[in-house]
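Asks: Would you mind keeping the following structure in view while I ask a few things?
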Amino acid sequence: MPQTPRYLDHAAPKPGGGSSDGNPDADDSANVDPTETDFLASFGRSGRSTEWYSPEPAGYVRGRTKYVAVIGTVMSGLGKGIFSSSLAKLLQDKGLSVAPIKMEGYLNIDSGTLNPYRHGEVFVLDDGLETDMDLGTYERMLHQNLTRRNYVTAGQVYTEVLDRERRGGYLGRDVQMIPHVTGAVKYKLRELAMRGGRDGGPADVVFVEVGGTAGDYENGFYIEALRELAFEEGPESACFVALTYIIEPQILGEQKSKAAQLGIKRLMEAGIQPNLVACRAKKPVTETVMEKIGMFSNVPMNRIFSMHDRASVYSIPEEMRKASLDREILSLLKLHDRVDPVHEDESRVRWMDFSHKLVAPRSRSVTLGIPGKYAALRDAYASIDKAIEHAGIHLECDVRTEWIDTTDIENAGDASSILDGMDAIIVPGGFGIRGVEGKIRCVEHARTHGIPFLGICLGFQVAVLEYARNAMGLADADSTEFNPGCSHPMISELPDQKKLEGIMGGTMRLGAQDVVLEPGSLASFLHGGQTLVRERFRHRFEVEPEYIERLDAGGLRFTGRHPEFPIMQVLELPLETHPYFIGAQYHPELTGRPLEPQPLFMGLIAAAIARTDPAFASSQTGRRWVRQRNGCTTPA
């Protein structure tokens, strides 16, 4: 740990000194904080040696930061991240500094090796940590870049505890789930409270999302740690939210609350009394059901929220505001004196403008095809889905998405039979050979039919392969990932990756990297004339440097490059060849925000609109996003 923890079970050892646990004959009574002695004496203990253990970063002040914990009941996947991020946004809009954290129960160190079919997309942070998709929800809703402090797994916690034990960090104690594992969790929360706020400063409120459901074996120690934390921080320092599910069996035709009652009861048996209850349901929760929930959970009606299905998650913050949930949190945690009314008014105006666009009728519509390996599970491409939604809202266009399994393209033989009728195509990232030939056929269809195209990560790489094979006549062009012995290895392993053997997790080229854009390129135009942007990467393979000049001479332009090394990061075709054909080795979807949509997605949807409505290109919005000529460095 970067700081020496402060312990309640013994005084922190002085520099060069010992402690009562390290030396049974030592007298450390002078080292014990009197407040700790008083605290322990209330349990009938002397205060010299106890079972209490609560590590804190140096300088941490109890009660300064408040904690809001969102815990699920009945079932997982109800939208704890959506609820938590929406509530955090309301407090952020009031000028408070908020810090979210997702706590996962699985033993993986991070999400990097998880199959998207099992756990949705892997969301990569600026610092390179591969995390759960909920971190993307927080970043988008809060317009805030998160770090590895905002994500914890059971694997991380257990590893740190065991490493500390091997270093003698527990001074001879028998290391147990309680208090040592729960103590490690509390340390992480307090560390985030000190350094996870605005500009790396302290947070006013830490929002804790516990993965899974109350009663799971995997997350029980998190819930216990939160119980301990609330007790140690003192009154009005913690608020617990139970997110439950209201079932509505089709055969009965009415909402039933029994499952929710039992789920909340399970949470209360763990020592957690919820202060708020959010009821997930398909339809608005009836008052009768909410009364039953309140009666069994000891929660008043004004703190029970109907979180039923809505057209967009971005409407939830305003619905929470109307239900006064933000004011309830301020009252529960005594935060009224930290509210900035001017900041609140300004933030609400910006969000309301976006909200109006969200629900406004849209006169334009386009169909977007997305051929991917994991098309059967939308969560595998959650950030792409949101980036498309952002662009559609700002361009006032209804974007219909068609998710296509690339193996269907391969089986069909002719991509046109499936892709005809698409106004734009995105080929997203992925790993492994399955479906790659289908992606190449999709790229060929987009390129030869003038359909706006965006390739992402693997989509960037297969665009290189397609062009080399079909436009340059290099039939054996391939990637060493799929065909190590090919005669034209257009895509090869990054040099650093060749040194790694037997290690998969956390070893790719990950996180935010600079991308130098060629002046006058489509990429630079979309970024308002900028020639240097910072984007997030997650890949092991690159365009083989030996083929860069040959591809460029053949008409495939690399207009985004690494500042120092020959790593190609953006490709495109000139305007006279194709109206909108661009690929990014990075993941542009990871940096899209509702109020600041990602430029490559804005350009794609704008090009799709212009394809169906040529007059759009001459409109004010069209001139900003539809390039009129090559070499155009700034929007018209």
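Nothing in this text is a laboratory measurement; each read-out follows from the coordinates by a stated rule. These figures come from a predicted structure and were not determined experimentally. Cβ sites come from the backbone with ideal geometry, for glycine too, and all protein chains shown count toward neighbours.
Asks: Expressed as a rounded percentage, what relative contact order does the chain have, with Cα pairs under 8 Å and six or more residues apart?
Replies: 13
Asks: Near residue 438, within a Cβ-to-Cβ distance under 14 Å, what is the net charge of the other residues, with Lys and Arg +1 and Asp and Glu -1?
Replies: -3
Asks: Cβ neighbours within 10 Å, averaged per peptide: list 550-557, 521-528 in order, most packed at the top.
Replies: The peptides rank, most packed first, as 521-528, 550-557.
Asks: Relative contact order, percent, of segment 449-545 when contacts are C-alpha pairs under 8 Å separated by at least 6 residues?
Replies: Normalised by residue count, the contact order of segment 449-545 is 25 percent.
Asks: What is the magnitude of the charge dipole of the chain about its Cα centre, with +1 placed on the Cβ of each Lys and Arg, -1 on the Cβ of each Asp and Glu, and no other charges, expressed in debye to the nearest 20?
Replies: Dipole about the Cα centre, nearest 20: 1180 debye.
Asks: Oh, and also: Go through 608-617, 475-484, 80-89 and give me the packing order, highest mean Cβ count within 10 Å leading.
Replies: Most protected by this proxy first, the peptides run 80-89, 608-617, 475-484.
Asks: With an 8 Å Cα cut-off and a minimum separation of 6 or more residues, compute the relative contact order for segment 252-304 in percent.
Replies: 45 percent.
Asks: Oh, and also: Which shape class, rounded, prolate or oblate, goes with the chain when its Cα gyration tensor gives a ≥ b ≥ c as root eigenvalues, a/c under 1.5 marks rounded, and past that a/b bigger than b/c marks prolate?
Replies: Prolate, because a/c is 1.5 or more and a/b exceeds b/c.
Asks: Looking at segment 257-301, which trypsin sites (Lys or Arg not before Pro) are DSSP coil and have at most 13 other C-beta atoms within 10 Å of their C-beta?
Replies: Answer by residue number: 282.
Asks: Continuing with this model, one more query. Using Cβ contacts closer than 10 Å as the measure, can you line up 578, 587, 449 from fewest to most?
Replies: Going from least to most buried by this count: 449, 578, 587.
Asks: Right, here's the next one. If you fit an axis through the alpha-carbon atoms of helix 154-166 and take the longest principal axis of the Cα set of the chain, what angle between them do you get, 0 to 90°, nearest 10?
Replies: Compared with the principal axis, the helix lies near 60 degrees.
Asks: Here is a further query. Which order, highest average first, do 168-176, 91-99, 283-291 follow once you tally other Cβ atoms within 10 Å for each residue and take the mean per peptide?
Replies: 91-99, 283-291, 168-176
Asks: Next question. Please order 595, 276 by the number of other Cβ within 10 Å, starting at the fewest.
Replies: 595, 276
Asks: Check each of the trypsin sites (Lys or Arg not before Pro) in segment 378-440 and keep only those in coil by DSSP with at most 15 other C-beta atoms within 10 angstrom; list them in order.
Replies: Qualifying residues, ordered by number: 434.
Asks: Could you give the angle, 0 to 90 degrees to the nearest 10, between helix 382-394's Cα long axis and the longest principal axis of the Cα atoms of the chain?
Replies: The angle comes out near 70 degrees.
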